[in-house]
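J.: Quick one: the structure is below, and I'll ask about it shortly.
Just so you know, all these numbers are worked out from the coordinates, no wet-lab data involved. Small disclaimer: the values here were computed from a predicted structure and weren't measured. Glycine gets a Cβ as well: all are built from the backbone with ideal geometry, and neighbour counts include every protein chain shown.
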Amino acid sequence: MSDLPDYVLKNRAHWDAQADQWVAMGERAWLADEPSWGIWSIPETDLQLLPDDMTGMRTIELGCGTGYVSAWMARRGASVVGIDNSERQLATARRLAEEHGVELHLIHGNAEQVPFPDGHFDFAISEYGVAIWADPYKWIPEAHRVLAPGGGLVFLGNHPLVMITQRHDSADPVGTELLYPYFGMHRIDWYEDGDEGTEFNLTISDWVRLFNAVGFEIVAYHELQSPTTGDEVRFYASMDWAHTYPTEQVWVLRKRS
């Protein structure tokens, strides 16, 4: 009997089943000369989520998927650990790391429990990954634990507004009707066309309270906007919707010394 939480096992099954659908996107991201972020591919020059020179930095990607963010950090000189809940996603990451000659230390596991000692890393990041698929009341304290004093944490995921305007039982794009309560947001179980998973999000004020309680200071907060308008739908939102409302958020944090 596994001692992993039910949502970790559910999400593992989801991502193992979906892994083949993310191979092509992972391959394209590995080929990119410069990072771009989120579903709208916001350039790194606009967000500046990674240090330009990461030489000698010990870093970890929490929920690394196909490993392209880990590769971006390694190419900037970092020593990189990637941990992910899906062995099939990691298989793609291992193949691409070998093909591109990038050294990564990849671990199959639950990023709410990182197998490294206190203060081991200088920088941690998640683009989606643990940012939405793990319980923030578990993974935020764990990220704080494994970071050295002054270490940085950056994570990008769904904006809370998306979680209350997109149906949890449909793949239809987000709309303009408020469907679920904002206050009390935490665990979101969804079921679409025979597939199921569990995501997590908090109100903005609850995120801030959590960071303060754990010992992070907020360096920056970004609400991401589609750079153009149009009818094109990416994942769960049209460009028109995402030019009017934020689909994604980025928190940039620093562990207090």
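J.: Would you please name the GluC sites (Glu not before Pro) within the stretch 88-169 that are DSSP coil residues with at most 12 other C-beta atoms within 10 Å of their C-beta?
T.: Glu103
J.: Also, I was wondering about something else. To the nearest 20 debye, what charge dipole does the chain have about its Cα centre, counting +1 at the Cβ of each Lys and Arg and -1 at the Cβ of each Asp and Glu?
T.: For this selection, approximately 840 debye.
J.: Now a separate question. Would you calculate, for the chain, the mean residue ellipticity at 222 nm contributed by helices, counting each DSSP H stretch of 4 or more residues as -39,500 (n - 2.57) and dividing by all residues, to the nearest 500?
T.: It lands at -9000 deg cm²/dmol.
J.: While we're looking at this one, here's another question. In nanometres, what is the gap between the two model label sites at Phe183 and Thr229, each 7 Å from Cα along Cα-to-Cβ?
T.: 3.5 nm
J.: Something else about it: May I ask you to give the average projected area over all directions of the convex hull of the Cα atoms of the stretch 1-101, in nm² rounded to one decimal?
T.: So the mean shadow area of the Cα hull is 7.4 nm².
J.: Which of the GluC sites (Glu not before Pro) found in the stretch 150-257 are loop residues per DSSP with 13 or fewer other Cβ atoms within 10 Å of their Cβ?
T.: In loop regions of the stretch 150-257 (DSSP not H, G, I, E or B), the sparsely surrounded GluC sites (Glu not before Pro) are Glu177, Glu232.
J.: Report the charge-dipole magnitude of the stretch 88-127 in Debye, nearest 20, computed about the Cα centre from +1 at each Lys and Arg Cβ and -1 at each Asp and Glu Cβ.
T.: 240 debye
J.: Among Tyr182, Thr198, His144, whose Cα sits farthest toward the positive end of the charge dipole of the chain (+1 at Cβ of Lys/Arg, -1 at Cβ of Asp/Glu, about the Cα centre)?
T.: His144
J.: Taking the square root of 5 times each eigenvalue of the Cα gyration tensor, what semi-axes in Å does the equivalent ellipsoid of the stretch 44-147 have, largest first?
T.: After diagonalising the Cα gyration tensor, the semi-axes are 19, 17, 13 Å.
J.: Might you report the magnitude of the Cβ-based charge dipole of the stretch 119-235 about its Cα centre, with Lys and Arg at +1 and Asp and Glu at -1, to the nearest 20 debye?
T.: That gives the stretch 119-235 a dipole magnitude of about 600 debye.
J.: Roughly speaking, what is the stretch gain from Arg95 to Ser36, that is 0.36 nm per residue apart minus the C-alpha to C-alpha distance, in nm to one decimal?
T.: Working it through step by step, the gained length comes to 19.1 nm.
J.: Once Lys and Arg get +1 and Asp and Glu get -1 on their Cβ, which of Leu9, Thr55, Ile39 lies farthest toward the positive end of the dipole of the chain?
T.: Thr55
J.: Can you compute the FRET efficiency between His108 and Leu210 using 1/(1 + (r/R0)^6), with r the Cβ-Cβ distance and R0 = 35 Å? Round to the nearest 0.05.
T.: 0.85
J.: To continue, here is another question. So what are the radius of gyration and Dmax for the Cα set of the chain, in Å?
T.: 17.4, 49
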